[in-house]
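**Q** Below you will find the structure I want to go over with you.
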Amino acid sequence: MQSFKSKLFQNENNMRDVKDILDEAQESMDMAIMYLDEALAHIRAGKADIRLLDGIRVDSYGSMVPINNVAAVTTPDARSIAIKPWDKSMFRVIEKAIIDSSLGIMPENKIIRIGIPPLTEERRKQLAKQCKGEGETAKVSVRNARRDAIDALKKSVKDGLAEDAQKGGEEKLQKIHDKFIKQIDDMLAAKDKEIMTV
């Protein structure tokens, strides 16, 4: 018969296993949230956001670098992004990179200024649908993380984890899952409001 001390030690190990599994699931869910935040930032909602330029690279002395490495990038108002190159020779290079990008906006000259045109009703609906798709991708990642964690907990039972520790782990996991799904819904609602605000 096992001594109380060895049972206690085994329970501590089991609890650590549950904690590790929950931590891994939470980390996967955090990554889904970060992905969604990044994806939503690059969806143009009729409002100027310097993160729209994150994917655009320019050639600076033989290296492809983000625009903010060679220029001051600001949003002087809600409808425009101002780009002021530190080196005047970069002006045309930046302008060409913006024109060649998938942004679909033409820069205006002097300092590079990008006017963000108002969105049409149809375009707003397209963007809202795109956001919903990105949100669904994030939710699938969160659900997959929960499923993987449940599988890991079930496998741990076969390896000696107490069933009540597994059940407790699954309950905690469900709460973590629900928190992340709500966070995704809140992010989507905020982005939807931003897109639909005229």
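The values are calculated or read from the model by the stated rules, or taken from the named source; none is laboratory data. Only a predicted model underlies this, so the values are computations on that prediction, with no experimental measurement involved. Backbone-built Cβ (ideal geometry, glycine too); neighbour counts: all protein chains shown. We work out accessible area using only protein heavy atoms, side chains counted, and drop any ligands, DNA or RNA first. Shrake-Rupley method; radii C 1.70, N 1.55, O 1.52, S 1.80 Å.
**Q** Using every Cα-Cα pair within segment 21-98, state what percent have a distance larger than 14 Å. Before the final figure, lay out the partial values.
**A** Values: 2038 of 3003 pairs.
In whole percent, the long-distance tail amounts to 68.
**Q** Now for a separate question. Tell me the Rg and the Dmax, in Å, that the Cα atoms of segment 99-198 produce.
**A** 21.7, 70
**Q** Which entries in LYS129/LYS182; LYS19/LYS158; LYS154/LYS182; LYS19/LYS167; LYS158/LYS182; LYS19/LYS191 show an alpha-carbon gap greater than 24 Å?
**A** Details: LYS129/LYS182 19 Å; LYS19/LYS158 17 Å; LYS154/LYS182 26 Å; LYS19/LYS167 13 Å; LYS158/LYS182 33 Å; LYS19/LYS191 33 Å.
Too far apart for the 24 Å limit: LYS154/LYS182; LYS158/LYS182; LYS19/LYS191.
**Q** 222 nm [θ] for the chain, helices only, -39500 (n - 2.57) per DSSP H run of 4+, per residue, to 500? Intermediate results must be reported in sequence, preceding the final value.
**A** Values: 4 runs with 121 residues, N = 198.
Computed ellipticity for the chain at 222 nm equals -22000 deg cm²/dmol.
**Q** Now for a separate question. Give, rounded to the nearest 20 debye, the magnitude of the charge dipole that the chain has about its Cα centre when Lys and Arg contribute +1 at Cβ and Asp and Glu contribute -1 at Cβ. Walk me through the numbers before you get to the answer.
**A** Numbers: 34 positive and 33 negative charges, 84 e Å.
Result for the chain is approximately 400 debye, rounded to the nearest 20.
**Q** Rolling a 1.4 Å sphere over the protein heavy atoms, what is the accessible area per residue of segment 102-198, to the nearest Å²?
**A** Details: 6020 Å² over 97 residues.
Here the per-residue accessible area is 62 Å².
**Q** Go ahead and set up a Gaussian network model of the chain, Cα springs under 10 Å, then flag whichever of ASP49, ASP30, ASP77 fluctuates most.
**A** Most flexible of the set in this elastic network: ASP77.
**Q** Grab the alpha carbons of the chain, take their convex hull, and tell me the volume per residue in Å³. Working shown, then result.
**A** Working: hull volume 31.6 nm³, N = 198.
Output value, Cα hull per residue: 160 Å³.
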